[in-house]
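The values are calculated or read from the model by the stated rules, or taken from the named source; none is laboratory data. Please read these numbers as outputs of a predicted model, since none were measured by experiment. Cβ sites come from the backbone with ideal geometry, for glycine too, and all protein chains shown count toward neighbours.
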Amino acid sequence: MSDQGYYFEYLKRTERFPQSIYHKAKHNMVSEMFLRLTPGALVLDAGCGIGNVTAKYCGLYSIVGIDEQPSSVKYCRHYCSGKYLQANLYKIPFKDNVFDLILFLDAIEHMKDSPVVLEELARVLKPEAKILICTMNYDSLSWIILQNSWHRFFGGSCKPYSREIHPTPYTEKILRLHCNKFFREVSLEKRLMGMELFYIGRK
């Protein structure tokens with residue numbers, strides 16, 4: 001995926017209507033996760049994009065964002081007050097047992113070998129700490145219709161129906177299969193008419 005392609009420009013539009021409707025469930029779930037944390041907790045935003053989900057929490061928590069896209073990291077460093085690094089999620093540049101919470105939001109479906117990434121995320125997560133993973137639900141008829149209608153005609157460079165963009169399309173069964181190898185499942189729920197999957201795991 002090129003630095004100036006789907007990833008960066010699409011994320012700039014997620015806070016505006018109509019994309020904001022879809023992403024509201026994600027923001028609500030993230031807010032619930034932060035409410036359970038002690039102020040000052042160290043949080044990893046894995047695949048942080050432009051930092052739009054976690055930026056507002058930077059004042060109360062220590063947010064670390066990592067992303068492979070140089071333009072996204074540059075954007076975060078300019079507009080957000082957390083710490084942002086260009087890094088590969090297949091080899092995360094942190095020691096074991098560092099983070100109090102990991103957020104892996106709408107990114108796992110972009111991974112060609114996501115179990116390797118999940119193992120790395122488990123490595124840097126503190127024992128008993130939690131991870132929140134969200135992804136589109138490819139068992140949802142509503143999502144299949146949305147990606148093949150709105151995204152095809154109005155999504156611009158956003159092409160989630162392309163295996164080049166989403167090489168690992170997730171269903172509830174596959175998400176549980178991959179995640180439960182590395183985490184103890186706390187919950188797995190569907191929101192937004194079942195179009196989005198939210199997995200919470202504990203190390």
For segment 59-74, name all the residues that are under 20 Å from I133 (Cα atoms), assigned to a loop (DSSP other than H, G, I, E, B) and at pLDDT 95 or above. Y61
Return the residue satisfying two criteria in turn: it lies in segment 75-120 and is β-branched (V, I, T) and in a helix (DSSP H, G or I), and of such residues it is farthest from V43 (Cα to Cα). V116
If we keep just the residues of segment 83-100 that are touching a residue at least 24 places away in the same chain (Cβ under 8 Å) and in contact with a helix residue (DSSP H, G or I) (Cβ under 6 Å, 6 or more places away or on another chain), which is farthest from F182 (Cα to Cα)? Y84
Residues being touching a helix residue (DSSP H, G or I) at 6+ places or on another chain (Cβ under 8 Å) and buried (at least 23 other Cβ atoms within 10 Å of the Cβ): count how many of those fall in segment 124-135. 4
Members of segment 115-132 that are touching a residue at least 60 places away in the same chain (Cβ under 8 Å) and of a type in the set (K, R): K126, K130
